[in-house]
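Everything on this sheet refers to the single structure shown next.
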Amino acid sequence: MTIFFKKQDKVCRFLNPFSGFEPSEAKCQVRWDPLTGRSGRLAHFVGLKPPAADLSQIIEGSKNNCPFCPENLSAMTPKFIKEEISEGRLEKGESVIFPNLMPYDAHSALAVLCQKHYRPLTDFPPQIFSNAFANCLDYLERVISDKARTFGLVTWNYLPAAGSSQVHPHFQVYATETPGNFISTQMAASQTYYRENSRAYWDDYLNAEIQTGERLIKEAGSSVWLTDFVSLSVLTDIIAIFPYKQTLFDLSMEALEETASMLNSLLSYLGKQGIYSLNMAWMPAVEGRPDCWLQLRISPRLYLAPHVWCTETPSLFYQYQESFMVWSPEDTAKDIRASF
Ligand SMILES: [Zn+2]
């Protein structure tokens, strides 16, 4: 079935005080996600350069009592109960996993990524991610008994603009039967598409994206990387799709290492654009759902005006749940391709 990237241009006219109140106009565009119909807006003419935020005080001020720094971790972080994980904590490379004191579900943990308290986005070597992903998989493998009902979720909120109270890089990793509205909506729409077309939406979607090439970043060995037609971020979302895979358990170590290497390159790119904060989330289905393909989504975050702590989540986004992009996904993909 043809995948339709629906968009509609809008023009707003006004008398401009910066040109003697001459008639002026500004354009924006409404877009709809081809699968779910989720809408979002694009004001690509803005071409916002992320305003620099001075993080030095936050980084320095949080070092002393950081529970995730190596000298504090064993005394300040909880341990798993023996019946669950007899070692108390799980370690792989520099990654350490322990229970989350503010759990999201019955099995809810944090994964510290590295020993360093702070890393700019340009300094995340691939092995930090591959070790952390493998460690998260080990944890999820131990706490999930029914892979057909339970989602293994791994997310990353990096720095306060992305909703993290800790500077020290760490993932949230948890098992749940209720994966949240975004995944649930995508799964329901994927199921409908599969029933109606006898094939996975994601297969047709990737073919359409590869054919136009407008938002394509790279076809890697086990994943395809692109920018999202309707991003959540005010900049642009980068997504990876893993064909024919449903969950993190389906990924080989080779696929995790490839993902880690792509993350290293993409975060470097984002860091060089002045981005310092992001959300990242694995979007899995559950076992036995060939209609859904595993995804990884990166949403850059920022303060629109750091000097007054202005976030990029006004009513439009937070309450109407309508994203507003100021970076064109097509231009961004082109720029990332050139940087590779
Ligand atoms: Zn620390």
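Which of the residues that make up region 132-149 are crowded, with 23+ Cβ neighbours inside 10 Å, within 22 Å of S86 (Cβ to Cβ) and away from the ligand (no atom under 16 Å from the Cβ)?
N135, C136, Y139, L140
What is the number of the single condition among (1) outside any helix (DSSP H, G or I); (2) surrounded by fewer than 20 Cβ atoms within 10 Å (Cβ to Cβ) that S265 does not meet?
Going through (1) outside any helix (DSSP H, G or I); (2) surrounded by fewer than 20 Cβ atoms within 10 Å (Cβ to Cβ) one by one, S265 breaks only (1).
Checking S62 against (1) more than 16 Å from the ligand (Cβ to nearest atom); (2) out of contact with any strand residue (DSSP E or B) (no Cβ under 8 Å at 6 or more places or on another chain): exactly one of these is not met. Which one?
(1)
Going by the conditions given, is L35 of a type outside the set (K, R), farther than 26 Å from S231 by Cα, at pLDDT 95 or above and surrounded by 15 or more Cβ atoms within 10 Å (Cβ to Cβ)?
Against the criterion (of a type outside the set (K, R), farther than 26 Å from S231 by Cα, at pLDDT 95 or above and surrounded by 15 or more Cβ atoms within 10 Å (Cβ to Cβ)), L35 does not qualify.
Does region 214-228 contain at least one residue that is buried (at least 20 other Cβ atoms within 10 Å of the Cβ) and under 12 Å from the mean Cα position of the chain (by Cα)?
Yes, region 214-228 has at least one match.
Hey, among I81, I85, which residue is surrounded by 14 or more Cβ atoms within 10 Å (Cβ to Cβ), away from the ligand (no atom under 16 Å from the Cβ) and either basic (K, R) or not in a strand (DSSP E or B) (or both)?
I85
So V30 fits all but one of (1) assigned to a loop (DSSP other than H, G, I, E, B); (2) surrounded by 14 or more Cβ atoms within 10 Å (Cβ to Cβ); (3) of a type in the set (V, I, T); what number is the exception?
Only one criterion in (1) assigned to a loop (DSSP other than H, G, I, E, B); (2) surrounded by 14 or more Cβ atoms within 10 Å (Cβ to Cβ); (3) of a type in the set (V, I, T) is unmet by V30, namely (1).
Quick one: which strands (runs of 3 or more DSSP E) sit completely within region 135-224 and have at least 1 residues that are farther than 29 Å from E71 by Cα, touching a residue at least 60 places away in the same chain (Cβ under 8 Å) and of a type in the set (S, T, Y)?
It comes to 170-176.
Within region 93-110, which residues are crowded, with 22+ Cβ neighbours inside 10 Å and either without any contact (Cβ under 8 Å) to a residue 40 or more places away in the chain or farther than 15 Å from T155 by Cα (or both)?
V96, F98
How many residues are of a type in the set (F, W, Y) and within 16 Å of the ligand (Cβ to nearest atom) when one looks only at region 94-118?
So the answer is 2.
Kindly indicate whether L121 is touching a strand residue (DSSP E or B) at 6+ places or on another chain (Cβ under 9 Å), more than 16 Å from the ligand (Cβ to nearest atom), touching a residue at least 24 places away in the same chain (Cβ under 8 Å) and part of a loop (DSSP other than H, G, I, E, B).
yes
The values are calculated or read from the model by the stated rules, or taken from the named source; none is laboratory data. Everything quoted here is computed from the prediction, not taken from an experiment. As a convention, Cβ positions derive from the backbone with ideal geometry for all residues, glycine included, and neighbour counts pool all protein chains shown.
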